[in-house]
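Some notes on the structure that comes next.
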Amino acid sequence: MNIIDLHCDALLRLYQTQGEIKFKDAKELETNKERLKKGKVKVQAFALFVFPEVKAEQKFQVALDQIHYFYTDVLGNNPEMKLIKDWSDFENLQDDEIGALLTLEGVDAIGNDLQKLSILYQLGVRSVGLTWNNANLAADGAQEKRGAGLTSFGEEIVVYNNEHKILTDVSHLSEKAFWDVINVAKYPIASHSNSKAIMDHVRNLSDEQAKAMFEKDAMVHMVYCPQFVKDKEEVTIDDLIEHIEHFCSLGGEKNIGLGSDFDGITKKIMNLEDASMQQNLLNELLKHNYSEEIVKGFAYENFMRHLPK
Ligand SMILES: [Zn+2]
């Protein structure tokens, strides 16, 4: 079954190693081309991520440097990797091709300058998460003590996203910012978040939040970070399926997708340790009596039914 994975941090790794490792088959990368092929990942989202510690005046350059590796290595060295720049590009992918979608994890890199967001959009960014865990000029992140919501600038960004058919990613937002965003965003998505009712973690969504997403017919993509799944030593695929089951019980069957967070997490779920193992989750779901149609939905089709129009 084809998969679309809405979140990975491979560009951060390529940037950190300054191009020394190659996207094609570097064993250091949990998300490389060979592993995507093996895991039948049809479309992979690649996040731009700039650490909060980077000096404000350098942040935009760091984002551009990561885009450099996206164009020169991910796309440039691998002809079968195809840039997804238009939502209709999904339908044009050939059998041997893998779509690559550029996303932004936190708008810290644009400072207070919407023009910089426009540049990132023109370079291919099609999903924008307002924050990582910290606060920035747009909103507070999930681990910001203040817990404030969306700023006026943050709202301008969401309006920009709406106008340009860019997804607005609510993963990582503070709870208050989540509710502010859900009121404004035309295309909200949670690219990598699990259920707080199953695992009480600040990065997960409460039942109220999950229900609000499903009622808005927005997608929630499950993340493979063990700390967001279960508080135990060896987290299993079965533990992750508990989150899927719970979201289904809240009416999310047609709104659940996948967002691995490979290359951005240190610990792994057993047998779900890099992109080549993606099918293991689907096989386990089938064993849990989910129909093929429903599993196909989680893997790919649900997202396809929710492309911005
Ligand atoms: Zn993240």
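What follows is calculated from the coordinates using simple rules that are stated; it is not laboratory data. Everything numeric here is computed off the predicted structure, so don't read it as measured data. Note that each Cβ is placed from the backbone with ideal geometry, even for glycine, and that neighbours are counted across all protein chains shown.
At a Cα cut-off below 17 Å, give the lysines reachable from residue 59, other chains included and same-chain residues fewer than 8 away excluded. Cα-Cα hits under 17 Å: 116.
Between residue 128 and 104, 167, 168, 169, the built amide H atoms are under 5 Å apart, and every one of these is 5 or more places off in sequence or on another chain. If the segment from residue 113 to residue 293 were pulled out straight at 0.36 nm per residue, it would be longer than the present Cα-Cα gap by 60.4 nm. Diagonalising the gyration tensor over the Cα atoms of the chain and scaling each eigenvalue by 5 before taking the square root yields semi-axes of 26, 24, 18 Å, largest first.
The residues packed around residue 141, meaning those with a beta-carbon under 14 Å from its beta-carbon, carry a net charge of -3 if Lys and Arg are +1 and Asp and Glu are -1. Diagonalising the gyration tensor over the Cα atoms of the stretch 151-226 and scaling each eigenvalue by 5 before taking the square root yields semi-axes of 21, 12, 11 Å, largest first. Between amide H atoms placed 1.01 Å from N, distances below 5 Å from residue 99 occur with 43, 44, 82, all of them 5 or more places distant or on a separate chain. Here the calculated FRET efficiency for residue 202 and residue 58, from their Cβ-Cβ distance with R0 = 35 Å, stands at 0.80, rounded to the nearest 0.05.
The loop-placed trypsin sites (Lys or Arg not before Pro) in the stretch 84-192, going by DSSP, that have at most 13 neighbouring Cβ atoms within 10 Å of their Cβ come out as 145, 146. With 26 Å as the limit on Cα-Cα distance, the pairs of 27/254; 196/268; 22/268 that go past it are 27/254. Among residues other than residue 249 with Cβ under 11 Å from its Cβ, the summed charge is -3 (Lys and Arg +1, Asp and Glu -1). The GluC sites (Glu not before Pro) of the stretch 49-80 that meet both conditions, a loop assignment by DSSP and at most 10 other Cβ atoms within 10 Å of the site Cβ, are 53. Using every pair of separate Cα atoms, the Kirkwood estimate puts the hydrodynamic radius of the stretch 1-67 at 12.8 angstrom.
Kirkwood hydrodynamic radius of the stretch 37-163, from the reciprocal of the average inverse Cα-Cα distance over all distinct pairs: 15.5 Å. Cross-link check: pairs 38/230; 40/296; 165/216; 42/85 evaluated at a Cα-Cα cut-off of 20 Å; pairs beyond the cut-off: 38/230.
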